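The structure appears below as structure tokens.
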Amino acid sequence: MVRLAGRQWGLVAMVASTPFLFAFLLAASSPGLVEPVLGTALGGASWGLAAILGLLGGAVFAGCLGAISRSPGVTGSPIRRVFGLVIATSVPMGLCIIPALCLMLAGPALAVRLERGVGMVRAERFHPARELAERLRYQLPQVLPRLPRLGAW
């Protein structure tokens with residue numbers, strides 16, 4: 001990897017610290033969210049994996065910036081430099097940062113659902129199509145035109 005300039009390392013630090021910043025913002029805006037994260041293994045693991053993905057995203061971004069700074073065609077033109085920076089930013093964002101933020105939101109929510117027992121699978125009786133159509137026919141408002149008779153099907 002090519003040696004990066006100081007301002008480039010600042011950009012790498014900003015990309016890598018995005019999940020950490022998001023975690024602090026979530027904790028400040030919703031203090032009840034911190035309890036499922038710290039109290040359950042699933043919530044803590046999701047935030048830990050999100051932090052690792054953030055660091056991995058920073059490393060990918062540093063590699064992309066190194067590839068851009070090595071390329072003489074990109075460094076010559078300001079428009080190509082901006083376009084290269086946008087491409088270099090979108091790669092770690094799509095691969096690491098956005099999944100990390102989704103993990104930070106989904107992990108505590110799933111932990112709370114499992115704690116309450118809402119996420120348990122329940123066996124439900126499946127109704128045949130005829131019974132479902134009959135129930136639907138009586139639940140529709142009377143303003144709709146008449147539905148065809150079930151025997152006509």
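With all protein chains kept in place, the per residue accessible area of the range 1-118 amounts to 59 square angstrom at a probe of 1.4 angstrom.
Multiply the residue gap between residue 85 and residue 49 by 0.36 nm, knock off their C-alpha separation, and tell me the result in nm, one decimal place. Gain on stretching residue 85 to residue 49: 10.3 nm. Using θ = phi - 60° in the Karplus curve 6.51 cos²θ - 1.76 cosθ + 1.60, the 3J(HN,Hα) couplings for the range 102-114 round to 5, 5, 5, 8, 7, x, x, 5, 5, 5, 5, 5, 5 Hz; x is entered for Gly and Pro. Taking chymotrypsin sites (Phe, Trp or Tyr not before Pro) across the range 1-98, none is in a DSSP loop with at most 15 further Cβ atoms lying within 10 angstrom of its Cβ.
Take residue 41, project a point 7 Å from its Cα along the Cβ direction, then tell me which residues of the range 101-115 have their backbone nitrogen under 13 Å from it. So the set is empty, nothing qualifies. By accessible area, using a 1.4 Å probe on protein heavy atoms only, the range 50-101 has 80% of its surface on carbon and sulfur.
The values are calculated or read from the model by the stated rules, or taken from the named source; none is laboratory data. Owing to the predicted nature of the structure, the values given are computational and were not obtained by experimental measurement. Positions of Cβ are generated from backbone atoms using ideal geometry, with glycine treated the same way; all protein chains shown enter the neighbour counts. Areas reflect the complete protein model, heavy atoms only, side chains present, ligands, DNA and RNA absent. Shrake-Rupley method; radii C 1.70, N 1.55, O 1.52, S 1.80 Å.
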